[in-house]
Amino acid sequence: MNPDHNVDVLVIGGGIIGLAIGYYLRERHLCGVEIIEKESVLASHASAHNAGGISSAHLSQTNEMSLLAKESSRMYRELAKKDGFGFDFKINGTIVLLKDQRYTSLNEEGIAEFRERTRTKVELLSGSKVREIEPNVSVDEDDTALFYSEDAQGNSKKLAECFARSFAQKGIRLNSQTEVLGFETKDDVIQAVKTNNGIIRSKTVILAAGPWSGRIASMLGIKVPIEPIKGHLITSRRPNSKVLNSFILGENYYVLQTSEGDLVVGGGEDASGFDTSVIESRAAEAWEEGVSYVPVLRMLGQESASACLRPYASGGLPVIGESTRFRNLIFATGHFRSGFSLAPVTGKIIADLVVDQKTTMDVRPFSPRRFGA
Ligand SMILES: Cc1cc2nc3c(=O)[nH]c(=O)nc-3n(C[C@H](O)[C@H](O)[C@H](O)COP(=O)(O)OP(=O)(O)OC[C@H]3O[C@@H](n4cnc5c(N)ncnc54)[C@H](O)[C@@H]3O)c2cc1C
């Protein structure tokens, strides 16, 4: 059989972003969609090893990011109600500890203005109020914290599996162990994508390859400054009771309890290329900070540590939108710390762009245009 074939839409990358795009294309009844993934297992990189935090708008975000986050968080609530979508979704809130005085300029007035503008539930908590909500979190009396009660948590790996299962019924093709090796182009059109499994001709190509997106764009002669930034997750020995309800966000690291009951300390940012080995000193630093927030971690001890790569686009904003160089290329990448949070809204935006050539969300700040791409 000739492995070369034609499709209508080809999505490069089977991480949580590529899979969400497949799902929302399917919701728009688009046929002829194929997702290709170089690994043998879908969502095997950061999309399987993240903290599962789903944040709504936060004071630390730009206005544009807040709008995306709000919409995605609304969409998550809808997704979690669908049959076959068991991905451990729960609304548990985020507590941002302000020990580091990151928000010294914050006052009740500023918070009220943000609350009003973004329609987000957020309140300033005293140290004793934090202890009331989270008795296992160590805070002093004069510490303060922000509480985003609408934030949620889910399991990214399980969501990826839900998306993949939903494709089987609707004929979206998933091809693993299929790696993009190059392109055939003519003028401003990508004519074919060359893979280790043959040549795929597609009317539209979506680049959703996470930290590898910059490398793939360079095969097209396009410069998109996306680099891999390593983050760590350190899991403790499992406690036999509930320790935390909320996602506890500290100065550099966070602590959360997963739906399986594991306590996890995560975070950190290291630019060390595509290497995913654990940096022992970084893991130790994360653990110590985690212990300072949730002292019971010390007693439990560490079970395992892992590291994964986030896609960081220069400037920090994701890259979502049509290429200015090739008229059948769309970018969906660079989600950095928020790829799980923003998967549904990204999927929907891309499906709108493919089907309607426009979207109701303002994606101008995320356009690849800013890199001349
Ligand atoms: C420690 C850690 C904690 C995190 N916590 C959170 C969190 O709480 N909330 C949140 O929202 N986000 C979080 N993130 C970020 C989130 O995990 C990422 O933003 C998200 O997974 C990016 O998804 P993606 O699909 O763009 O990329 P990826 O998951 O990297 O997927 C890209 C896929 O493209 C494939 N690919 C690459 N090159 C090719 C090629 N040539 N041909 C075919 N396929 C190719 C790769 O194999 C990969 O599977 C965290 C990240 C880390 C590291």
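The values are calculated or read from the model by the stated rules, or taken from the named source; none is laboratory data. Just so it is clear, the model here is predicted, and its values are computed rather than measured. Note that we place each Cβ from the backbone using ideal geometry, even for glycine, and neighbour counts take in every protein chain shown. Surface accessibility is based on the protein's heavy atoms, side chains included, excluding ligands, DNA and RNA. Shrake-Rupley method; radii C 1.70, N 1.55, O 1.52, S 1.80 Å.
Structure notes:
- Net +/- balance of residues flanking VAL345 in space, Cβ distance below 11 Å, scoring K and R +1, D and E -1: +1
- Residues whose amide H falls under 5 Å from that of GLU303, counting only those 5 or more places apart or on a different chain, are THR235, SER236, ARG237, with hydrogens built in the peptide plane.
- Here the peptides 335-344, 164-173 are ranked by packing, the mean other Cβ count within 10 Å, and the order with the highest first is 335-344, 164-173.
- Accessible surface, region 91-221, averaged per residue in Å² (probe 1.4 Å): 49
- Using a cutoff of 8 angstrom between alpha carbon atoms and counting only pairs six or more residues apart, the relative contact order for region 1-120 works out to 19 percent.
- Protein-only accessible surface order, largest first, of LEU159, LEU42 at 1.4 Å: LEU42, LEU159
- PHE274 exposes around 70 Å² of accessible area when a 1.4 Å probe is run over every protein chain in place.
- VAL278 sits among other residues whose Cβ lies under 11 Å from its own Cβ, and their net charge, with Lys and Arg +1 and Asp and Glu -1, is -1.
- Taking amide hydrogens as placed 1.01 Å from N in the peptide plane, the amide H of ILE54 sits under 5 Å from those of ALA152, GLN153, GLY154, each at least 5 positions away in sequence or on another chain.
- Among ILE12, ILE234, ILE111: highest mean-square fluctuation, GNM of the chain, C-alpha pairs under 10 Å: ILE111
- Among beta bridges that DSSP assigns inside the chain, antiparallel share in %, nearest 5: 70
- Exposure ranking of SER55, SER281 by accessible area [1.4 Å probe, largest first]: SER281, SER55
- Our summary gives the chain a relative contact order of 24 percent, counting only alpha carbon pairs under 8 angstrom and 6 or more residues apart.
- Of all aspartates and glutamates in the structure, those lying under 17 Å Cα to Cα from LYS129, and not within fewer than 8 positions of it along the same chain, are GLU108, ASP140, GLU141, ASP142, ASP143.
- Computed [θ] at 222 nm, deg cm²/dmol, the chain (DSSP H ≥ 4; -39,500 (n - 2.57); rounded to nearest 500): -8500 deg cm²/dmol
- Those lysines that a straight Cα-Cα span of less than 21 Å connects to LYS158, excepting residues fewer than 8 apart in one chain: LYS38, LYS81, LYS82, LYS90, LYS170, LYS348
- Here the accessible area is traced with a 1.4 Å probe on the protein chains. For region 1-47, carbon and sulfur cover 54 percent of it.
- Residues whose amide H lies under 5 Å from that of ALA192, counting only those 5 or more places away or on a different chain, are GLU184; hydrogens are built 1.01 Å from N in the peptide plane.
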